[in-house]
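As structure tokens, the structure follows; a few thoughts come after it.
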Amino acid sequence: VQLQASGGGLVQTGGSLRLSCTASGRTINMYHMAWFRQAPGKEREFVTAITRSRNTYYADTVKGRFTISRDNAKNTVYLQMNSLKPEDTAVYYCATSPGLILSSLRLKDQYDIWGQGTLVTVSS
């Protein structure tokens with residue numbers, strides 16, 4: 001499966017963006033899916049994940065502001081980001097792995113399929 005992330009851009013503090021991650025090559029309905037982000041000079045960090053049964057998990061830093069969802073018919077996962085802050089500025093990556101287990105959802109080293117990333121810049 002290949003992943004293509006899109007939807008990034010420049011937004012002011014307090015604004016919103018919706019990112020999309022579209023998969024090709026295989027349907028993703030049986031995959032757990034996640035978003036990570038990497039700010040300049042920092043390590044890639046977990047943002048959110050959605051399981052194949054649509055349970056969701058969030059980093060504390062985005063809880064209440066970001067919402068992950070999936071549309072299996074479109075083979076796409078979404079990340080709705082509201083109340084954006086300058087510290088949300090980063091390249092956002094979608095990711096998955098066929099063998100991913102629930103206890104590993106937050107661990108970037110457990111993912112072996114990554115999209116190319118989409119840049120989100122939040123101006124103050």
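Points worth noting:
- SER123 being loosely packed, with under 13 Cβ neighbours inside 10 Å, among the hydroxyl-bearing types (Ser, Thr, Tyr), at pLDDT 95 or above and more than 13 Å from ALA5 (Cβ to Cβ): yes
- Every residue from segment 11-31 that is in contact with a strand residue (DSSP E or B) (Cβ under 8 Å, 6 or more places away or on another chain) and either part of a loop (DSSP other than H, G, I, E, B) or among the aliphatic types (A, V, I, L, M) (or both): VAL11, THR13, GLY15, SER16, LEU17, LEU19, ALA23, GLY25, ILE28, TYR31
- Single match in LEU84, LEU79 (criterion: in a strand (DSSP E or B) and surrounded by 14 or more Cβ atoms within 10 Å (Cβ to Cβ)): LEU79
- Here ASN29 clears all of (1) out of contact with any helix residue (DSSP H, G or I) (no Cβ under 6 Å at 6 or more places or on another chain); (2) surrounded by fewer than 20 Cβ atoms within 10 Å (Cβ to Cβ) except the condition numbered (1).
- Single condition PRO40 does not satisfy, out of (1) at pLDDT 95 or above; (2) open to solvent by 40 Å² or more (accessible area, probe 1.4 Å); (3) part of a loop (DSSP other than H, G, I, E, B): (1)
The values are calculated or read from the model by the stated rules, or taken from the named source; none is laboratory data. Note that the coordinates shown come from a computational prediction; the quantities given were computed from them, not determined experimentally. For neighbour counting, all protein chains shown are included, and Cβ atoms are generated from backbone atoms with ideal geometry for every residue, glycine included. Just the protein is used for accessible areas: all its heavy atoms, side chains included, with ligands, DNA and RNA removed. Shrake-Rupley method; radii C 1.70, N 1.55, O 1.52, S 1.80 Å.
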